[in-house]
Amino acid sequence: MAERNSISHEDITEANQTANVKVYDFKRAQKRLSTEQLRVLKKIHESFAYRLSSTFSTLLRTITQVDVVSAEQVTYEDFIQTLPGQTVLAVLEASGQEKRLALNFPPRMAFSMIDLLLGGKGIWEDSETSSITPIETNVLKRVVEGIIQNLHKAWADIITLKLKSANVETNPQFLQLVDPADRVVVMAFDISFGDNLEQLQLCLPYTLLEPFISMLSAHHLLVYGQEVKNNQENDFIQDRIEHLTVPVRVELGRAAISIEEFLGLSVNDVIQLDQPVEEPLSVKINEETKFLAFPGTKKSRMAIKIEQVVEGEEKNER
């Protein structure tokens with residue numbers, strides 16, 4: 001039996017290889033999102049994916065489904081290494097903060113979307129090249145603008161950023177968002193449109209998220225979600241009220257006459273009403289008196305001036 005002190009360096013190396021030990025860099029462990037913060041970030045982007053499905057369906061004129069697949073923390077270097085040699089990277093800038101993030105479009109997705117926007121069937125036949133022309137870049141920016149608008153809506157009150165489209169890169173090695181060892185959060189989305197099923201990636205540098213880390217909590221999301229729900233309900237009710245039509249009628253008074261008197265009426269005849277001149281008129285909404293007002297004119301038109309709001313439900317049965 002070998003003594004403990006007699007274990008050789010070769011034995012330790014062999015044991016490490018057998019146990020599949022991986023080298024761990026503690027510097028890379030700095031500045032990480034917690035599991036809860038990552039889960040909240042994923043929840044926020046589920047709302048983004050739902051909105052984006054509607055936007056893409058309208059923009060591409062075909063039914064589109066967007067789903068959140070994963071949210072992972074990796075180094076920027078590791079993210080770049082996972083990308084193919086040629087891809088389509090749309091760079092976004094956060095105005096006023098000098099920070100950037102990136103959208104990774106697989107070439108098949110990018111060129112299929114471009115084909116749809118140009119009136120085609122969304123088929124990418126030239127799979128040997130992923131170079132993108134200036135015209136195709138401008139067309140793709142319509143897709144990027146739709147993504148930016150929905151990111152703003154999903155991040156509202158959580159992350160206050162104003163994004164704008166900067167440029168498009170096809171070689172990931174030429175794109176330097178942050179230092180290679182810096183952390184990034186990579187959000188992956190499955191996008192299904194037509195016969196295509198591709199994965200869009202959103203690369204969020206930690207330095208961009210850092211000012212908003214305290215807001216990425218389940219409690220804040222719950223309160224924020226309730227506020228959003230209440231605001232949406234209020235907006236819905238207000239919109240319905242603004243476009244609601246209701247009958248409004250001002251009653252000048254009443255009079256009872258016979259059929260014979262009615263048939264004998266002629267121009268300049270006068271019918272005496274039961275409404276005293278010095279008393280206000282009833283303003284009725286849906287046959288219920290809601291206001292009291294006096295008649296008059298404004299800019300040569302007949303008008304009323306409301307003097308009193310009638311409380312409760314007053315039924316004027318006269």
(message) If I filter the stretch 139-160 for residues that are farther than 17 Å from Q199 by Cβ and either touching a strand residue (DSSP E or B) at 6+ places or on another chain (Cβ under 6 Å) or in a strand (DSSP E or B) (or both), do I get at least one hit?
(response) yes
(request) Provide a single number: the residues in the stretch 277-315 that are open to solvent by 50 Å² or more (accessible area, probe 1.4 Å) and part of a loop (DSSP other than H, G, I, E, B). (result) 8
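Filtering the stretch 230-270 down to residues that are assigned to a helix (DSSP H, G or I) and at pLDDT 85 or above, which residue is least open to solvent (accessible area, probe 1.4 Å)?
Taking the stretch 230-270 and keeping what is assigned to a helix (DSSP H, G or I), we get 230-242, 259-263.
Restricting the remaining residues to those that are at pLDDT 85 or above gives 259-263.
Values: I259: 125, E260: 152, E261: 105, F262: 122, L263: 133 Å².
Going through the qualifying residues, I end up with E261.
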(message) Quick check on my filter: what residues within the stretch 50-94 are part of a loop (DSSP other than H, G, I, E, B), over 20 Å from A166 (Cβ atoms) and open to solvent by less than 30 Å² (accessible area, probe 1.4 Å)?
(response) none
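Looking at the stretch 95-111, which of its residues are surrounded by fewer than 17 Cβ atoms within 10 Å (Cβ to Cβ) and touching a strand residue (DSSP E or B) at 6+ places or on another chain (Cβ under 9 Å)?
S95, R108
For every residue, the table says whether it meets (1) at pLDDT below 85; (2) open to solvent by 40 Å² or more (accessible area, probe 1.4 Å).
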residue	(1), (2)
E125	yes, yes
V139	no, no
L151	no, no
G225	yes, no
(message) Need pairs with beta-carbon distance below 6 Å; first residue touching a residue at least 24 places away in the same chain (Cβ under 8 Å) and within the stretch 70-84, second assigned to a strand (DSSP E or B) and open to solvent by 30 Å² or more (accessible area, probe 1.4 Å); sequence gap 6+ or separate chains.
(response) Q73/R183
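Each row is one residue, and each column tells you yes or no for (1) of a type in the set (F, W, Y); (2) under 25 Å from V40 (Cα atoms); (3) out of contact with any helix residue (DSSP H, G or I) (no Cβ under 7 Å at 6 or more places or on another chain).
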site	(1), (2), (3)
L103	no, yes, no
G119	no, no, yes
E136	no, no, no
V144	no, yes, yes
H152	no, yes, yes
A166	no, no, yes
M187	no, yes, no
N196	no, no, no
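The values are calculated or read from the model by the stated rules, or taken from the named source; none is laboratory data. Keep in mind that this is a model prediction, so the values were computed, not measured. All Cβ positions, glycine included, derive from the backbone under ideal geometry; neighbour counts span all protein chains shown. Surface areas here come from the heavy atoms of the whole protein model, side chains and all, with no ligands, DNA or RNA. Shrake-Rupley method; radii C 1.70, N 1.55, O 1.52, S 1.80 Å.
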